[in-house]
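Visitor: Below: one structure in structure tokens.
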Amino acid sequence: MTTNKPVLLSGIQPSGQLCLGNYIGAIKNWVGLQNDYDGIFLVVDLHALTVKQKPSELRNRCLSFLAQYIACGIDPGSNLLVIQSHVHQHTELAWVLSTLAYMGELNRMTQFKDKSTKHQENINAGLFTYPVLMAADILLYQADLVPVGADQKQHLELARDLAQRFNQRYSDTFVVPEPFIPKQGARIMSLQSPESKMSKSDTNENNFIALLDPPDTIRKKIKRAVTDSFTDIQYDEENRPGLANLLVMYAEVAGMEIKQVVQQFENKCYEVLKSELAEVIIELLKPVQSEYHRVIQDKKYLSDILSNGAENASYRARKTISKVYRKIGLVPRVQ
Ligand code: TRP
């Protein structure tokens, strides 16, 4: 599957449960862009190892995420769906790139700082070099465009810097990738603490809407979402972050501008906004969930997709890594 279209690449870590934040911030954009690009969508299982995982759960979650990508509308016929660990060149390129990345550069990564504050008992070296592996994911396939949530912007800058550094030192080798970061809705916030982003790995499940949450769970979670003690409906991200988040979610799910949503609910109370928001989310997720339940049963279909993805991706990865090894001066292995 080689096309003349530019390469689009993205990925999500199989930790926690895919949530509405992932859908709005990432997957929805993948779906919208897939026809114009040669798409590669990864389940980045090696990244997930930077936090403790239960092996059996990790294994199931990888397949579940894959099925959810498909259920959300990623077409496996025209894109590559790949489990990161199936293509060993990711880690090989990551090693080479780690010799180009500076400690100081990695030390500045805000996600590393956040995660090491959160997981003080497990500040492992992988957590520190995580952005280098992400750069390898991207550069390995010569990706042109990388759609990610706003929190990944800094990691993408690093990937660009490493590509340029390598190109300068050893001659043109890598495409320097462009980020694609959606403006509105790039950040869907946590339902209970709307100062931080909605995270699929949050230990408090009330903070996020999982794509596979049943309707009653969605109603309950939205109903409990933190707002404020005002009564009117206005968009004020700074002073009323909880309400602002509900409005953003509504706008994104219903395909409206925030302004229109504010108008629609102008003289209504929070309860009405919340119950209508829950219903639009339920409507959005209904077809996704039924497609998911169909696809996840079909193990043969999923394994065919994965084997095709791994084979195609490996072919491209081999091309890049052999070029890289040659340019940096490694002796080619005699076959
Ligand atoms: N770090 C990304 C996240 O947490 C996931 C990721 C890994 C990724 N490799 C990638 C995203 C390559 C885009 C491209 O969201």
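Visitor: Could you list, in sequence order, all residues of segment 184-219 that are crowded, with 21+ Cβ neighbours inside 10 Å and among the polar types (S, T, N, Q)?
Guide: Correct list: Ser190, Asn207.
Visitor: Can you list the helices (runs of 4 or more DSSP H) lying wholly within segment 1-75 that have 3 or more residues being among the basic types (Lys, Arg) and more than 13 Å from the ligand (Cβ to nearest atom)?
Guide: Output list is empty.
Visitor: For segment 94-134, how many residues are open to solvent by less than 60 Å² (accessible area, probe 1.4 Å) and either within 12 Å of the ligand (Cβ to nearest atom) or free of Cβ contacts under 8 Å to residues at least 24 places away in the same chain (or both)?
Guide: Total satisfying the criteria: 14.
Visitor: Okay, next question. Of all residues in segment 288-300, count the ones that are open to solvent by 80 Å² or more (accessible area, probe 1.4 Å) and not charged (D, E, K, R).
Guide: 2
Visitor: Where in segment 232-312 are there helices (runs of 4 or more DSSP H), lying wholly inside it, with at least 3 residues that are on the phi > 0 side of the Ramachandran plot and hydrophobic (A, V, I, L, M, F, W, C)?
Guide: Counting at least 3 such residues, we get no helices (runs of 4 or more DSSP H) at all.
Visitor: Can you tell me which residue among Val7, Val43, Val31 is open to solvent by 10 Å² or more (accessible area, probe 1.4 Å), β-branched (Val, Ile, Thr) and in contact with a strand residue (DSSP E or B) (Cβ under 6 Å, 6 or more places away or on another chain)?
Guide: Going through Val7, Val43, Val31 in turn, just one is open to solvent by 10 Å² or more (accessible area, probe 1.4 Å), β-branched (Val, Ile, Thr) and in contact with a strand residue (DSSP E or B) (Cβ under 6 Å, 6 or more places away or on another chain): Val7.
Visitor: Is there a residue in segment 226-243 that is aromatic (Phe, Trp, Tyr) and outside the structural domain of Tyr130 (by TED's automatic domain parsing)?
Guide: Taking every residue of segment 226-243 in turn, at least one turns out to be aromatic (Phe, Trp, Tyr) and outside the structural domain of Tyr130 (by TED's automatic domain parsing).
Visitor: Regarding segment 242-265, can at least one residue be identified that is out of contact with any His (no Cβ under 8 Å at 6 or more places or on another chain), farther than 25 Å from Ile70 by Cα and of a type in the set (Ser, Thr, Tyr)?
Guide: no
Visitor: I've got another one for you. Looking at this structure, is Lys153 loosely packed, with under 15 Cβ neighbours inside 10 Å, under 19 Å from the mean Cα position of the chain (by Cα) and either part of a loop (DSSP other than H, G, I, E, B) or within 10 Å of the ligand (Cβ to nearest atom) (or both)?
Guide: Against the criterion (loosely packed, with under 15 Cβ neighbours inside 10 Å, under 19 Å from the mean Cα position of the chain (by Cα) and either part of a loop (DSSP other than H, G, I, E, B) or within 10 Å of the ligand (Cβ to nearest atom) (or both)), Lys153 does not qualify.
The values are calculated or read from the model by the stated rules, or taken from the named source; none is laboratory data. In this text, all values refer to a predicted model and were calculated from it rather than measured experimentally. No Cβ is skipped: glycine too gets one built from the backbone with ideal geometry, and neighbour counts run over all protein chains shown. All accessible areas refer to the heavy atoms of the entire protein, side chains included, with ligands and DNA or RNA removed. Shrake-Rupley method; radii C 1.70, N 1.55, O 1.52, S 1.80 Å.
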